[in-house]
1. In nanometres, what is the gap between the two model label sites at residue 31 and residue 156, each 7 Å from Cα along Cα-to-Cβ?
2. Mind ordering 148-155, 77-84 by average Cβ neighbours within 10 Å, highest first?
3. Out of 26, 109, 68, any idea which swings most in a Gaussian network model of the chain, alpha carbons joined below 10 Å?
4. Restricting everything to alpha-carbon atoms, can you work out Rg to Rh for segment 75-159 with a Kirkwood hydrodynamic radius?
5. Kindly provide the helix-only [θ] at 222 nm of the chain, computed as the sum of -39,500 (n - 2.57) over DSSP H runs of four or more divided by all residues, to the nearest 500 deg cm²/dmol?
């Protein structure tokens with residue numbers, strides 16, 4: 001588990017990282033496949049982009065540029081670790097909204113809708129789903145000086161109840 005190879009390809013090293021003696025790589029779908037995906041999807045109102053670590057921002061920038069090129073009317077919303085730790089930089093990528101941290105109120109206002117906390121994941125929308133992710137907790141009780149988790153999740157929240165696990169189909173062996 002956790003050892004699956006993800007497609008990657010060499011990428012130009014951003015100027016800020018030139019002093020780091022490592023080859024910079026771009027992870028995710030090849031650009032052509034992503035462009036084909038976007039072209040086949042037709043019109044959509046919103047694109048919600050989840051970000052990971054800050055040094056992967058060039059990939060986020062590519063995604064935003066592709067969406068703008070093919071669907072200029074689509075509203076782009078950025079959230080996640082990078083958007084929380086570097087919100088000013090993230091706003092410079094051309095999004096319509098940057099959601100910082102775990103407060104989703106700005107997102108719901110922007111979308112002009114209310115959240116449904118009882119909604120289930122839409123697993124059935126995937127044509128072939130072999131794995132799924134359930135987030136069981138937010139935050140960390142430790143405050144390591146080098147770690148970004150306290151900035152992203154300032155509060156530690158507990159895992160969902162066993163009834164939630166049953167509702168989403170988590171096997172009993174994984175509910176410990």
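Since every read-out is calculated from the coordinates, none of them should be taken as a lab result. Nothing here was measured: the structure is a model prediction, and the numbers come from that model. Neighbour counts are summed over all protein chains in view; Cβ atoms, including those assigned to glycine, are modelled from backbone coordinates with ideal geometry.
1. According to this spin-label approximation, the distance is 4.4 nm.
2. Listed from highest to lowest mean packing, they are 77-84, 148-155.
3. Among 26, 109, 68, the largest mean-square fluctuation in the Gaussian network model of the chain belongs to 109.
4. The Rg/Rh ratio comes out at 1.01.
5. -8000 deg cm²/dmol
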